[in-house]
Amino acid sequence: MNNILVTRSSMPSFEEYCDEIKDIWDSHWLTNMGNKHKELQKSLEDYLGISHVALYTNGHLALENAIAALNLPKGGEVITTPFTFASTTHAIVRNGLVPVFCDIKEDDYTIDTQKLEKLITDNTVAIVPVHVYGNMCDVEEINRIAKKYGLKVIYDAAHAFAVKYKGVSSACFGDASMFSFHATKVFNTIEGGCVCFKNDAWVQLLNDMKNFGIHGPESVDFVGGNAKMNEFQAAMGICNLKHLSTEIEKRKKVVERYRSRLEGVEGIKLSAIQENVESNYAYFPVVFDGYKYTRNEVFEKLAEVGIGARKYFYPLTNSFECYRNYPTAGTDKTPVAQHMALRVLTLPLYADLALEDVDRICDVILG
Ligand SMILES: Cc1ncc(COP(=O)(O)O)c(C=O)c1O
């Protein structure tokens, strides 16, 4: 029996990638916003229907820069959720801001907007919600709250590339959205990411931020870092974008098979199918709550037969050692998130996962 990994990166054929990178050999232009970079940026702006895309070497630095671009007062409070990857909380803290953890909804694991408003204080400056697993946050309610209190909104949309809400790309909400193009994502540039935004003034700002703060040949305006996407990454993106709709179609079939096997089983809870949302089928989280096996037992049973699953997201970021001394930390403040973190498992999911393998995985879970 073959082992099954939790994920497997999408790749074009070897020949297709070689063909795409051929002109990099002719130009000797490897990085610093070359032709591949420009081409991918334009293709993504068109694909996403957003006025501006800034490409990054990874999603984390894209998120850090998007938050930095808001120029928020140091020590300001940013409301976010702990049911996410370390990157979300770290990006806030590395900007000198204080994360305030809001609980999540039970059905789709996104920020609970009913609890959000109660966390707003005079020090609140922004909201960083997460479209976790590609599930869309309640963008309309978040927009209403942000307007009412004059708050900025940056979406961590790392999981939500190609997701649409009411026909509009997930790239288009808030002040900006960040996508991750990490190897494990639905669309990858090996490592990579981007910020999507509408504010024209940010084009130059983000360009300078990811390039050491260098504004012109002889002017360095601020202390920037280096987060430029290189030409090989962009070439991978150009190739992968061409196959994206096929990849998503295949993922959909895998998800449908999982649902047909696991839906309605007592003690097993699947993520809600969101209304008005076109999914990218990025992840398949399953919550074991009152099931005959605990989450950890299922994890072990799968591991014993060579099947990888992930306790994603466990532990919560508000229980990380590095945030131990933050008064806002502590899982007791986010009971629903903690409940889910102790019970959730994401099952193997990638475009080429055979339906027979999905059956095998389900047989182990149900057995
Ligand atoms: C929710 C979330 N935010 C941010 C990131 C960071 O993205 P990257 O790995 O591209 O730096 C990830 C990465 O997996 C993520 O899952």
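The values are calculated or read from the model by the stated rules, or taken from the named source; none is laboratory data. Treat the numbers as computed from the prediction; the structure is a model and nothing was measured. Reconstructed Cβ throughout: ideal geometry from the backbone, glycine too, with neighbour counts over all protein chains shown. Accessible surface is based on the protein model in full, side chains and every heavy atom, while ligands, DNA and RNA are left aside. Shrake-Rupley method; radii C 1.70, N 1.55, O 1.52, S 1.80 Å.
Brief remarks follow.
- Subset of segment 173-228 [out of contact with any Phe, Trp or Tyr (no Cβ under 6 Å at 6 or more places or on another chain) and among the aliphatic types (A, V, I, L, M)]: MET178, ALA183, ILE190, VAL195, ALA201, VAL203, LEU205, LEU206, MET209, ILE214, VAL220, VAL223
- Within segment 2-16, residues that are of a type in the set (A, V, I, L, M, F, W, C) have Cβ atoms under 6 Å from residues that are not in a loop (DSSP other than H, G, I, E, B) in these pairs: ILE4/ILE307; ILE4/ASP357; VAL6/ARG310, counting only partners at least 6 apart in sequence or on another chain.
- In segment 150-197, counting only strands (runs of 3 or more DSSP E) that sit wholly within it, the ones holding 3 or more residues that are near the ligand (Cβ under 10 Å from one of its atoms) span 176-180.
- One residue from THR81, THR89, THR31 being in the same structural domain as VAL130 (by the TED database), of a type in the set (Val, Ile, Thr), away from the ligand (no atom under 16 Å from the Cβ) and more than 22 Å from ASN199 (Cα to Cα): THR31
- Among the candidates PRO217, PRO285, residue that is touching a residue at least 24 places away in the same chain (Cβ under 8 Å) and either open to solvent by less than 30 Å² (accessible area, probe 1.4 Å) or out of contact with any strand residue (DSSP E or B) (no Cβ under 6 Å at 6 or more places or on another chain) (or both): PRO285
- Failed criterion for ASP138 (all others in (1) more than 27 Å from THR346 (Cα to Cα); (2) more than 15 Å from the ligand (Cβ to nearest atom) hold): (1)
- Residue match in segment 221-235 (condition: surrounded by 21 or more Cβ atoms within 10 Å (Cβ to Cβ) and on the phi > 0 side of the Ramachandran plot): no
- Some residue of segment 32-40 being of a type in the set (A, V, I, L, M, F, W, C), touching a strand residue (DSSP E or B) at 6+ places or on another chain (Cβ under 8 Å) and more than 21 Å from MET236 (Cα to Cα): no
- The set of residues in segment 110-129 being within 21 Å of VAL168 (Cα to Cα) and open to solvent by 10 Å² or more (accessible area, probe 1.4 Å) consists of THR113 alone.
- Of all the residues in segment 228-285, those that are within 30 Å of ASN32 (Cβ to Cβ) and either assigned to a helix (DSSP H, G or I) or polar (S, T, N, Q) (or both) number 16.
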